[in-house]
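Shown next, in structure tokens, is the structure this report addresses.
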Amino acid sequence: MFAVALARRVGASRVPRLIRNYAAAPPSGLSEGERTIFQKLTEKFSPAELEVQDVSGGCGTFYQIIIASEAFKGLPTVKQHRMVNEVLKQEIEGIHGLQLKTSPA
């Protein structure tokens, strides 16, 4: 869904090949870190859209997360991010960076 919208916005040739877009169960091919993050966020927020990507080159030190959930409805972005950070507290301790984009579904 997001990849399609992104392709329309920036042109298909500029869409990153590593974007992983999921809305239900994690597909095969995820790294252990991506799978853990995906499962925790899915359990807590039942997201309408969820992307989890290790953008550190596979070493698991920097993740990009895009999540849309009804749980964020009416909340400022800072509170949305705090909610995600609380769920991923243990994982965040072991990584160097997190790029996070949240939105209400």
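What follows draws every value from the coordinates through simple rules; no lab data is involved. None of these values were measured; they are calculated from a predicted model. Neighbour counts run over all protein chains shown; Cβ positions are idealised from the backbone, glycine included.
Once you keep just the Cα pairs under 8 angstrom separated by 6 or more residues, what percentage relative contact order results for the stretch 17-104? Dividing the mean separation by the residue count of the stretch 17-104 yields 28 percent. Applying both filters, DSSP loop and at most 15 other Cβ atoms within 10 Å, to the trypsin sites (Lys or Arg not before Pro) of the stretch 24-98 gives K73. One decimal place: the segment K44-L75 gains 9.6 nm when fully extended, by the rule 0.36 nm per residue minus the C-alpha distance.
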